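Have a look at the structure below before the remarks.
The values are calculated or read from the model by the stated rules, or taken from the named source; none is laboratory data. Keep in mind that what you see is a predicted model, and the values were worked out from it rather than measured. A quick note on method: Cβ atoms are made from the backbone with ideal geometry, for glycine too, and the neighbour counts reach across all protein chains shown.
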Amino acid sequence: MDWQQCDQCVARALVFFDLGNGRELAYCSHHANINTAALSLNAAVIVDMRHLEAAT
């Protein structure tokens with residue numbers, strides 16, 4: 001498998017939250033939409049690759 005799975009389901013993760021403490025969370029588009037508001041307060045870096053997936 002050359003892609004990472006969502007931490008909450010088996011879908012392809014497209015949004016990654018680096019919490020700055022060595023921990024990274026990965027979510028599919030659906031779960032990212034649910035969790036982004038809460039995680040954006042604590043995340044050091046958010047990488048959203050959904051726009052790249054749509055372009056291919």
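Tabulated values for the structure
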| read-out | value |
| --- | --- |
| Criterion violated by Leu52 - all others in (1) among the hydrophobic types (A, V, I, L, M, F, W, C); (2) surrounded by 11 or more Cβ atoms within 10 Å (Cβ to Cβ); (3) not in a loop (DSSP other than H, G, I, E, B) satisfied | (2) |
| Failed criterion for Cys6 (all others in (1) modelled with pLDDT under 95; (2) hydrophobic (A, V, I, L, M, F, W, C); (3) under 12 Å from the mean Cα position of the chain (by Cα) hold) | (1) |
| Subset of the stretch 13-29 [part of a strand (DSSP E or B) and in contact (Cβ under 8 Å) with a residue 24 or more places away in the chain] | Val15, Phe16, Phe17, Asp18 |
| Options Ala37, Ala32, Ala44, Ala26: the member that is touching a Gly at 6+ places or on another chain (Cβ under 6 Å) and of a type outside the set (D, E, K, R) | Ala44 |
| Selection within the stretch 12-23 - crowded, with 17+ Cβ neighbours inside 10 Å and closer than 15 Å to Ala44 by Cβ | Val15, Phe16, Phe17 |
| Candidates Ala32, Ala38 - the one that is assigned to a helix (DSSP H, G or I) and either in contact with a strand residue (DSSP E or B) (Cβ under 6 Å, 6 or more places away or on another chain) or on the phi > 0 side of the Ramachandran plot (or both) | Ala32 |
